[in-house]
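The values are calculated or read from the model by the stated rules, or taken from the named source; none is laboratory data. Since this is a predicted model, take the numbers as computed values, not measurements. Using ideal geometry, Cβ is built from the backbone for each residue, glycine included, and neighbour counts are taken over all protein chains shown. Only protein heavy atoms, including side chains, enter the accessible area calculation; ligands, DNA and RNA are left aside. Shrake-Rupley method; radii C 1.70, N 1.55, O 1.52, S 1.80 Å.
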Amino acid sequence: GWAIMPCGPPMLVGNTLAREFALYCQGRFVSQAFGEQGMERMGVGSASESARSNAFTRCCKDLGVASELWDISFILNWKKEFAVDVWCENARTGERRKLWRRKDRPAFDYPWKEQLTGPSASSYEGRTPRAVAQAFDDVAGDIEEDGEETPFDPEAPVPPQFRKYTGKQWIDVLKDSAGRDYLQWASTNVNNFELRRLSRRALEFAKASGWVQAPSILRTLS
């Protein structure tokens, strides 16, 4: 059998709940990782469950479980063949964000309404950081409405808060050694916790894709 055990109490950093878990299989230690979940749309109980699921997913990476989900070639080919990204607007809040769904699934239901057009990475050119932030205010927080963390999207635009890489896609930054060095610095030095968290997720994706070895800061929470 297997079990995932907490390694300490939950921590609340800003609006994000984090907790460390360890995975055991047949009585033996396998892996250890932090799970994180934003609490903007849920209570402590739901956020704790989501953080546990997030930690379990990260622990399973060391076993090679669903390892193709961190293979950039598999991801891009699968999305091209089976999925479509659409810009949606929340009927309750007016929030706009890009959501992915399978091609054989119907359009998103209430409160989301699919839009025919939306901002793209090319629309960054000539725009101020404030205007870009308004167009992509959902990029830095990739938590779906149901509270589950979405897979890291290497084709998503880099948030404007990462000023020197504004307008680029994550895949462009991660394949560049200077870009990875910048994200490693940002993962521990920027003031915004969500941006530090996003930097760590990007570096973890790069590690899983074989572009870089695991930096020591990937599990730093402060």
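Of all residues being in a strand (DSSP E or B), more than 20 Å from Leu198 (Cβ to Cβ) and touching a residue at least 24 places away in the same chain (Cβ under 8 Å) in the stretch 26-51, which is most open to solvent (accessible area, probe 1.4 Å)? Just the residue, please.
Gln32
Among the residues of the stretch 74-110, those that are part of a strand (DSSP E or B) and either in contact (Cβ under 8 Å) with a residue 60 or more places away in the chain or of a type outside the set (A, V, I, L, M, F, W, C) (or both) comprise Asp85, Glu89, Asn90, Arg96, Arg97, Lys98, Arg101, Arg102. Can you pull out the residues in the stretch 52-77 that are surrounded by 14 or more Cβ atoms within 10 Å (Cβ to Cβ) and of a type in the set (Phe, Trp, Tyr)? Across the stretch 52-77, the qualifying residues are Phe56, Trp70.
For the stretch 210-219, the condition holds for no residue, the condition being that it is crowded, with 17+ Cβ neighbours inside 10 Å, in contact with a Gly (Cβ under 9 Å, 6 or more places away or on another chain) and either at pLDDT 75 or above or closer than 30 Å to Ala47 by Cα (or both).
Every residue, every condition in (1) on the phi > 0 side of the Ramachandran plot; (2) in contact with an Asp or Glu (Cβ under 8 Å, 6 or more places away or on another chain); (3) surrounded by 15 or more Cβ atoms within 10 Å (Cβ to Cβ); (4) at pLDDT 50 or above, yes or no:
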{"residue": "Arg92", "(1), (2), (3), (4)": "no, no, no, yes"}
{"residue": "Lys103", "(1), (2), (3), (4)": "no, no, no, yes"}
{"residue": "Leu116", "(1), (2), (3), (4)": "no, no, no, yes"}
{"residue": "Ala133", "(1), (2), (3), (4)": "no, no, yes, no"}
{"residue": "Gln169", "(1), (2), (3), (4)": "no, yes, yes, yes"}
{"residue": "Val173", "(1), (2), (3), (4)": "no, no, yes, yes"}
{"residue": "Ser177", "(1), (2), (3), (4)": "no, no, no, yes"}
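Every test in (1) open to solvent by 70 Å² or more (accessible area, probe 1.4 Å); (2) not in a strand (DSSP E or B) is passed by Gly8 save one, and that test is (1).
Checked across the stretch 118-129, the condition of being at pLDDT 85 or above and assigned to a loop (DSSP other than H, G, I, E, B) holds for no residue.
Out of curiosity, is Val65 free of Cβ contacts under 8 Å to residues at least 40 places away in the same chain, under 21 Å from Ala208 (Cα atoms) and in contact with a helix residue (DSSP H, G or I) (Cβ under 7 Å, 6 or more places away or on another chain)? Break it down into steps so the answer makes sense when it comes.
Numbers: free of Cβ contacts under 8 Å to residues at least 40 places away in the same chain: yes; under 21 Å from Ala208 (Cα atoms): yes; in contact with a helix residue (DSSP H, G or I) (Cβ under 7 Å, 6 or more places away or on another chain): no.
No.
The residue pairs whose first member lies in the stretch 191-208 and is among the basic types (Lys, Arg), whose second member is assigned to a helix (DSSP H, G or I), and whose beta carbons are closer than 7 Å, counting only pairs six or more residues apart or on different chains, are Arg196/Ala186; Arg196/Ser187; Arg196/Thr188; Arg200/Ser187; Arg200/Leu218.
Only one of (1) under 15 Å from the mean Cα position of the chain (by Cα); (2) at pLDDT below 80; (3) open to solvent by less than 60 Å² (accessible area, probe 1.4 Å) is not met by Thr188, so which one is it? With (1) under 15 Å from the mean Cα position of the chain (by Cα); (2) at pLDDT below 80; (3) open to solvent by less than 60 Å² (accessible area, probe 1.4 Å) applied to Thr188, the lone miss is (1).
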